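Student: Below are the structure tokens for one structure; questions will follow.
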């Protein structure tokens with residue numbers, strides 16, 4: 001924490017207190033116990049009081065313009081204990097100014113400030129940066145199964161062969177999560193195309209084909225630049241005209257051009273309108289040219305009201321919506337859909353009109369009216385479009401069966417995994433499970449099926465025991481497709497290990513049938529698990545997961561031995577020998593666990609380290625220093641290491657029943673203050 005400049009305090013409550021007002025956590029723990037000297041800011045829209053958050057030590061309300069502070073805080077100085085409040089305000093101002101000084105933003109003129117605020121985003125795609133991104137994405141991929149040793153694919157043996165890509169993420173991939181995890185990369189790489197390019201660079205001629213098999217969209221896909229075009233721009237899909245009225249009347253105050261039909265305006269709308277507190281509206285226009293004949297579908301989800309016209313026809317009217325939606329951080333409406341018959345090659349003019357909510361709470365001086373949340377005050381709107389879907393699982397099975405290798409790319413995307421809402425289940429959305437089940441059951445060579453999952457968290461895989469090869473590829477950013485191709489072809493090795501325990505099913509988990517634990521009762525969630533979370537709960541309860549925390553295979557195999565455990569004054573020095581007993585070069589991740597010798601279910605990870613590359617039949621020895629305080633547990637308001645006998649084990653994952661183990665005695669209890 002000593003090197004961090006700022007922290008952000010989220011929207012939730014802990015023990016009934018909002019985080020921005022939680023003096024114990026902000027001042028007592030973060031600042032006093034941990035010694036943090038930097039800035040504390042609220043999450044966006046997460047300032048829940050005027051005075052209490054300042055007194056707690058939350059320095060900055062985000063985003064601007066202020067709703068809780070400003071004039072309200074000045075007014076509070078006239079009625080509150082001004083000495084205490086002034087002291088808190090002075091401390092917050094000092095931290096704000098210190099941060100500005102460290103960032104070189106102190107003393108700027110008004111002109112400089114505006115120039116800095118409106119400066120274009122900069123990015124770099126130098127060869128060195130791209131290579132680094134590609135290497136990081138490849139290194140993080142986890143090999144979960146390789147029963148038939150299909151991986152790595154030998155590029156030379158693929159010459160003249162047929163390779164199939166199947167699944168909803170095969171052609172588009174998944175680079176990132178949604179909400180604050182979203183990014184705007186300069187380019188994206190996709191599994192299907194990346195493998196084709198990689199083979200071509202290696203001089204390998206192979207047939208590579210794709211069949212989607214099923215879809216996985218949560219909402220209709222966003223518009224595509226291949227079909228949509230602003231009628232007065234060669235480089236943009238959408239023209240958006242903004243009005244200082246609630247019905248798209250009056251003068252156009254600003255025009256924007258965009259290539260993304262998720263029109264999120266909370267920080268990108270016209271500054272004079274979005275920060276003014278008054279309702280405003282926009283009209284979006286574009287020309288659609290369908291690629292196929294069929295009954296095509298449009299969708300709208302809006303924070304305020306919206307209407308969609310195709311030509312002169314009103315296709316969707318979302319003027320007066322009700323219900324709970326999940327777009328725009330759960331401030332948007334449920335998705336409204338409508339279909340119409342359209343012809344290939346014909347041009348259709350599409351107009352979307354949208355307006356913000358008419359609510360006096362957007363801008364008010366009343367102390368009794370709750371200000372509108374920053375995300376609810378803008379006319380943000382999402383427009384989706386999908387041509388009539390003709391993809392089938394049968395088509396995917398036929399392609400897989402007629403290919404020498406089939407790569408099934410499944411998973412989630414930035415719509416299923418995002419802030420603002422939860423996934424409805426741990427299952428794969430859509431017909432993805434059926435796609436896998438049918439391919440494994442219907443193809444002549446299921447051992448040639450390579451399954452790649454892209455997600456940021458565990459998913460139920462009821463077919464996992466019957467699959468021969470499974471890769472967990474996560475969200476690899478803009479180099480995700482290239483990184484996957486490298487791992488498939490053995491150009492890179494899957495070096496990742498699971499950072500969480502992967503359950504077999506949601507029903508296996510302790511909170512699956514306990515509403516107090518999740519999703520809560522009367523807006524209250526009770527944390528009952530103590531430190532029995534993740535692998536600790538699975539070990540304690542004796543419930544085997546699909547894969548344990550720390551699990552991950554390589555293209556080779558390792559054997560580990562604990563050589564010695566030496567006690568120094570305040571640490572253990574643990575020496576581990578790692579032997580590569582496989583046929584390929586590789587790197588291992590040494591994982592050290594500790595537990596009271598009579599309580600094997602109480603294992604805890606206390607150290608880990610990646611080795612350097614080890615040639616087949618070679619070995620290396622690594623030393624892992626472990627601070628005794630890191631072995632202690634929280635008890636009676638202090639960190640306590642009880643006296644007794646402890647087992648130190650080195651294993652392949654948290655549930656490894658064959659860990660290389662040594663025992664050590666702690667002769668007297670040790671304790672540390674917080």
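Student: DSSP beta bridges in the chain, what fraction antiparallel, as a percent rounded to 5?
Tutor: So the antiparallel bridges in the chain amount to around 80 percent.
Student: Which of rounded, prolate, oblate describes the range 85-149, given a ≥ b ≥ c as roots of the alpha-carbon gyration tensor eigenvalues and a/c under 1.5 marking rounded, otherwise prolate only if a/b is larger than b/c?
Tutor: Oblate, since a/c reaches 1.5 and b/c is not below a/b.
Student: OK, next. On full extension of the chain, what length is gained from residue 339 through residue 188, given 0.36 nm per residue of separation minus the C-alpha to C-alpha distance?
Tutor: Numbers: separation 151, 0.36 × 151 = 54.36 nm, distance 3.01 nm.
Between residue 339 and residue 188, full extension yields an extra 51.3 nm.
Student: Sticking with this structure for a sec: Starting with the fewest neighbours, write out 563, 51 ranked by other beta-carbon atoms found within 10 Å of each beta-carbon. Don't jump to the answer; show the numbers that get you there.
Tutor: Values: 563 14, 51 21.
With the sparsest Cβ surroundings first, the list reads 563, 51.
Student: Right, next: Just the number, please: percent antiparallel of the DSSP beta bridges in the range 111-269, rounded to the nearest 5.
Tutor: Given both bridge residues lie in the range 111-269, the antiparallel proportion sits at roughly 55 percent.
Student: Further question on the same structure: Starting from the Cα of residue 466, move 7 Å in the Cα-to-Cβ direction to define the label point; list residues of the range 398-434 whose amide nitrogen is under 12 Å from there.
Tutor: Hits in the range 398-434 for residue 466 at 12 Å: 433-434.
Student: Compute the separation of the alpha-carbon centres of the range 521-543 and the range 419-445 and state it in Å as a whole number.
Tutor: Using only Cα atoms, the two centres lie 27 Å from each other.
Student: In addition: Relative contact order of the chain: what whole-number percent is it, with Cα pairs under 8 angstrom and at least 6 residues apart? Let's see the in-between values first.
Tutor: Working: 1445 pairs, mean separation 87.2, N = 674.
That works out to 13 percent.
Student: Stretch residue 84-residue 599 to full length: gain in nm at 0.36 nm per residue minus the Cα-Cα span? Write down the numbers at each step before the final one.
Tutor: On the way: separation 515, 0.36 × 515 = 185.40 nm, distance 5.11 nm.
Stretched fully, the residue 84-residue 599 segment lengthens by 180.3 nm.
Student: Under the rule a/c < 1.5 gives rounded, and otherwise a/b versus b/c splits prolate from oblate, where does the chain land using the Cα gyration tensor?
Tutor: In terms of gyration-tensor shape, oblate.
Student: Evaluate the relative contact order of the range 228-386 (contact order divided by residue number), counting alpha-carbon pairs under 8 angstrom at least 6 apart; express in whole percent. It would help to have the intermediate numbers written out before the result.
Tutor: Details: 392 pairs, mean separation 46.2, N = 159.
Answer for the range 228-386 is 29 percent.
Student: In addition: With contacts defined as alpha carbon pairs under 8 Å and 6 or more residues apart, what's the relative contact order of the range 61-201 in percent?
Tutor: Reported as a whole number, the value is 12 percent.
Student: Assuming R0 = 35 Å, what is the FRET efficiency of residue 161 and residue 124, from their Cβ-Cβ distance, to the nearest 0.05?
Tutor: Working: r = 38 Å, r/R0 = 1.08.
In this case the efficiency is close to 0.40.
Student: Would you mind computing, in nm to one decimal, how far apart the modelled labels at residue 109 and residue 667 are, each placed 7 Å from Cα along Cα→Cβ?
Tutor: 7.3
Student: Length gain on complete extension for the stretch residue 209 to residue 524, per 0.36 nm per residue less the alpha carbon to alpha carbon distance?
Tutor: Numbers: separation 315, 0.36 × 315 = 113.40 nm, distance 5.06 nm.
Gain in length upon complete extension: 108.3 nm.
Student: If you take the beta carbon distance between residue 608 and residue 388 as r and set R0 to 45 Å, what does 1/(1 + (r/R0)^6) give as a FRET efficiency, to the nearest 0.05?
Tutor: The value I calculate is 0.35.
Student: Ignoring everything except DSSP H segments at least 4 long, calculate the 222 nm mean residue ellipticity for the chain; use -39,500 (n - 2.57) per segment, divide by total residues, nearest 500. Please list the in-between numbers first.
Tutor: Numbers: 13 runs with 113 residues, N = 674.
Rounded to the nearest 500, the figure is -4500 deg cm²/dmol.
Student: While we're on this one: As a footprinting exposure proxy, order 39, 605 by other Cβ within 10 Å, with the fewest listed first. Please report the intermediate quantities before stating the final value.
Tutor: Working: 39 20, 605 17.
By the 10 Å Cβ count, ascending, the order reads 605, 39.
Student: May I ask you to derive the FRET efficiency for residue 541 and residue 200 from their Cβ-Cβ distance with R0 = 51 Å, giving the value to the nearest 0.05? Don't jump to the answer; show the numbers that get you there.
Tutor: Values: r = 51 Å, r/R0 = 0.99.
Efficiency at R0 = 51 Å is approximately 0.50.
Each value in this text was obtained by applying a stated rule to the coordinates, not by laboratory testing. Computed from a predicted model, the values in this text were never measured in an experiment. Cβ sites come from the backbone with ideal geometry, for glycine too, and all protein chains shown count toward neighbours.
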